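Here's the structure, in structure tokens; my notes come after.
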Amino acid sequence: MRLRHIEVFHAVLTTGSLTGAADLLNISQPAASKALQHAEQQLGFALFSRVRGRLQPTQEALLLRHRVDKIIQDLHDLQRLTANIGDPESSPLRVTCTPTLAHALVPDATTLLRKSFPNTTAELFTQHSAEMCESLMLHEADIGLTLQNAGHQGLHQEPLCRGHIMVIAPPGWWSPEELAQPLPVTALADQPMVGIAVHDALGRMLQGHLSQVVPAPRTAVWVQTYQLAYSLVAQGEGLALVDPFTASWGGGKTVQTRPLKLQLDVVLHALYRLDSPLNPLQKRFLGLVRQLAQQMLGQA
């Protein structure tokens, strides 16, 4: 199949008609019909049958659908990449970060940067680490900030700051003497906890350690983000294990925090493409992120 055949085939699959496919591709209906007929002639089998005025894919077409969807997605990615390469100055500072870092760290660093460089434009958005790597490789973002080890061959990974896993509790849960000491994992036995069902390396490691606690913590609520866990703990739902940046929200006024006595560091990583060295503005931004992160974790 030629590329035009693939585009028409996918458009008919998407819209269910030749007219809809023609509109989607911005071509005439006869041109779409001719391209589909040519594709079927080359393949030697029909791709669609007409049922009650709509085109229904044949069994052969359904077998092709997954591959065709992937080709169309790759084509769109190529178009996005070439558009971003052709207009590199459209977004001088484009930063993607995980949701945890979007609460204060990234906005604060951006505000400080714009005080020094008021003409700077910025585009900020949140993504999980896998999506972040894709955006960076497609030149849709220039810097990624994550607490995960991305391990992507096309990206440089620069550690900016290290912290500890933190245990957060409702106000008044621990005495001042207890707050001064790290909390052993065993102290979580039979404690009410907010469970964090985060499917990343950090979440899996934490669940692995908790699974060895006897008797197991009592978990009545499970959440998908550390931010939700923080909000529930602040309302008295029990304890939660979170990253140090989430634990620092509110300056210690809404929850109590103690480091977990566990040899497991949380690392703030900056990601950027190996083939695109950072410009002075981007380096300045990362410097501010590093400085603010260290201040948030009491390391400055």
Task: Residue identified as surrounded by 12 or more Cβ atoms within 10 Å (Cβ to Cβ), more than 33 Å from the chain's Cα centre (by Cα) and modelled with pLDDT under 90 among Leu43, Leu55 - done: Leu55
Open item on the list: Taking the criterion of being modelled with pLDDT under 90, under 16 Å from Leu297 (Cα atoms), more than 21 Å from the chain's Cα centre (by Cα) and of a type in the set (A, V, I, L, M, F, W, C), would at least one residue in region 244-264 satisfy it?
Closed with: yes
Task: Failed item, numbered, when Thr121 is tested on (1) surrounded by fewer than 14 Cβ atoms within 10 Å (Cβ to Cβ); (2) out of contact with any helix residue (DSSP H, G or I) (no Cβ under 7 Å at 6 or more places or on another chain); (3) within 28 Å of Met205 (Cβ to Cβ); (4) touching a residue at least 24 places away in the same chain (Cβ under 8 Å) - done: (3)
- [ ] Keeping to region 31-74, report how many residues are free of Cβ contacts under 8 Å to residues at least 40 places away in the same chain, part of a helix (DSSP H, G or I) and of a type outside the set (Ser, Thr, Tyr).
- [x] 19
Task: Answer residue from region 78-104, given it is loosely packed, with under 14 Cβ neighbours inside 10 Å and of a type in the set (D, E, K, R) and is modelled with the highest pLDDT among those - done: Asp87
Task: Candidates Val12, Val51, Val8, filtered to the one that is of a type in the set (A, V, I, L, M) and over 24 Å from His76 (Cα atoms) - done: Val51
TODO: Name every residue in region 187-207 that is assigned to a loop (DSSP other than H, G, I, E, B), in contact (Cβ under 8 Å) with a residue 12 or more places away in the chain and surrounded by fewer than 17 Cβ atoms within 10 Å (Cβ to Cβ), in order of residue number.
DONE: Ala189, Asp190, Ala197, Asp200
TODO: Output the strands (runs of 3 or more DSSP E) that fall wholly within region 212-288 and possess 2 or more residues being under 30 Å from Lys115 (Cα atoms) and either in the same structural domain as Ala102 (by TED's automatic domain parsing) or without any contact (Cβ under 8 Å) to a residue 40 or more places away in the chain (or both), or say none.
DONE: 265-273
Open item on the list: Just to verify a result, which residue in region 14-30, among those that are among the small types (Gly, Ala, Ser) and in contact (Cβ under 8 Å) with a residue 24 or more places away in the chain, is surrounded by the fewest Cβ atoms within 10 Å (Cβ to Cβ)?
Closed with: Gly16
- [ ] Working carefully through the options Val267, Val221, Val214, Val289, find the one that is of a type in the set (Val, Ile, Thr), out of contact with any Phe, Trp or Tyr (no Cβ under 9 Å at 6 or more places or on another chain) and surrounded by 17 or more Cβ atoms within 10 Å (Cβ to Cβ).
- [x] Val289
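The values are calculated or read from the model by the stated rules, or taken from the named source; none is laboratory data. Here the structure is a predicted model, which means the values were calculated and not measured. Virtual Cβ from ideal backbone geometry, glycine too; neighbours counted across all protein chains shown.
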